[in-house]
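Presented below is the structure to which this report refers.
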Ligand code: SF4
């Protein structure tokens, strides 16, 4: 029954909205995963508590108290995340609980999703959309100098020999690839831009530049890990387009990127 439901939800998403996956998938999956996790851990506790009691009389009580605190934080986090995602208002009054929920429940959702046949990519996309609502719910605008546009190196045309990772301004803006268009867009809004070849360089760039908000272009996998790694810095995700397969001559929808920048940048007075 559960598998059938998940497949219907997954099919519904793919039929009505073939490209973007909505927030609903992650919201439902994380709620069900949390309930199953609680049931599973409670069953495990009942199974092992007599053995723990033999080791030390207080051990089952200590473990149970720890589990109660752990699940209480996760439940608070899940309620705050769900309310924020559904109403697009800022309910994140306990950032720690929301962060714990995302840190722990995302991998649990991936495992549960794989068991019922939902691809990791769809869960990742849905998670990125839920994360976007956290930023939108703040209804806050930032100075252009506090915004960093982070691009993947695979946007660059493979035949281009210009070194743009150290300094994006080396780009000749010949418009053979989307890097030139993105740089023009960044100039228009006065926001900083960096190009990373991977997660390690991206982390170093974020540490060096200390932005208050990041607009990242990447595939779902890099966006999910980037969002989780960059926390507490907020990251707005824009999916790259991969007509040639992953990591080679990728593209980005400039209108989508413009919308993302506009949603966080403060207009000059
Ligand atoms: S726009 Fe032209 S110069 Fe700039 S990275 Fe792309 S191909 Fe190279």
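Any read-out appearing in this document is the output of simple, stated calculations on the displayed coordinates, not a laboratory observation. Remember, it's a predicted structure, so these values are computed and weren't measured experimentally. Using ideal geometry, Cβ is built from the backbone for each residue, glycine included, and neighbour counts are taken over all protein chains shown.
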Quiz item: Full extension from residue 159 to residue 24: what is 0.36 nm times the residue separation minus their Cα-Cα distance, to one decimal in nm?
Solution: 44.6 nm
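Note the full-extension length gain between residue 201 and residue 142 as 0.36 nm times their separation in residues minus their Cα-Cα distance, in nm to one decimal. Intermediate results must be reported in sequence, preceding the final value.
Working: separation 59, 0.36 × 59 = 21.24 nm, distance 2.41 nm.
Working it through step by step, the gained length comes to 18.8 nm.
Residue 262 to residue 54: FRET efficiency via 1/(1 + (r/R0)^6), r the Cβ-Cβ distance, R0 51 Å, to the nearest 0.05? Numbers along the way, then the final one.
Working: r = 63 Å, r/R0 = 1.24.
The formula returns an efficiency of 0.20 here.
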Self-check item: Cα-projected label distance for residue 212 with residue 111, points at 7 Å along beta-carbon direction, nm
Solution: 3.9 nm
Self-check item: Estimated FRET transfer efficiency (residue 170, residue 75; beta-carbon r; R0 41 Å; 0.05)
Solution: 0.25
Quiz prompt | Gyration tensor verdict on region 92-158 (Cα atoms; rounded if a/c is under 1.5, prolate if a/b is larger than b/c, oblate otherwise) | solution = oblate
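Order these peptides, 48-56, 217-225, by their mean beta-carbon neighbour count within 10 angstrom, highest first.
On the way: 48-56: 11.7, 217-225: 21.0.
Highest mean packing first, the order is 217-225, 48-56.
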Quiz item: Can you give the Rg and Dmax of the chain based on its C-alpha atoms, in angstrom?
Solution: 21.3, 74
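Can you say what percent of the DSSP beta bridges in region 121-269, counting only those with both residues inside, are antiparallel? Round to 5. All intermediate terms of the calculation are to be shown ahead of the outcome.
Working: 1 of 17 bridges.
Once the DSSP bridges in region 121-269 are tallied, antiparallel ones form about 5 percent.
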Practice problem: Pick out which of 247, 109, 174 has the largest mean-square fluctuation in a Gaussian network model of the chain, springs linking Cα atoms closer than 10 Å. | Solution: 174
Quiz item: According to the square roots a ≥ b ≥ c of the eigenvalues of the Cα gyration tensor, what is the shape class of region 141-264, taking rounded for a/c under 1.5, prolate for a/b larger than b/c otherwise, and oblate for the remainder?
Solution: rounded
Self-check item: Ascending count of other beta-carbon atoms within 10 Å, so fewest first, for 186, 160
Solution: 160, 186
Practice problem: Among DSSP beta bridges whose residues both lie in the chain, state the antiparallel percentage, nearest 5. | Solution: 5 percent
Quiz item: Cα axis of helix 120-138 to longest principal axis of the chain: angle in degrees, 0 to 90, nearest 10?
Solution: 80 degrees
Quiz item: Taking other Cβ within 10 Å of each residue's Cβ, how do 242, 129 sort, fewest first?
Solution: 242, 129
Quiz item: Taking R0 as 30 Å, what's the FRET efficiency between residue 96 and residue 32 from their Cβ-Cβ distance, rounded to 0.05?
Solution: 0.80
Exercise. Treat the count of other C-beta atoms within 10 Å as a stand-in for reagent exposure and order 140, 181 from fewest to most.
Key: 140, 181
Quiz item: Rounded to a whole number of µm²/s, how large is the Stokes-Einstein D of region 38-176 at 37 °C and 0.692 mPa s, given Rh as the Kirkwood radius over C-alpha pairs?
Solution: 169 µm²/s
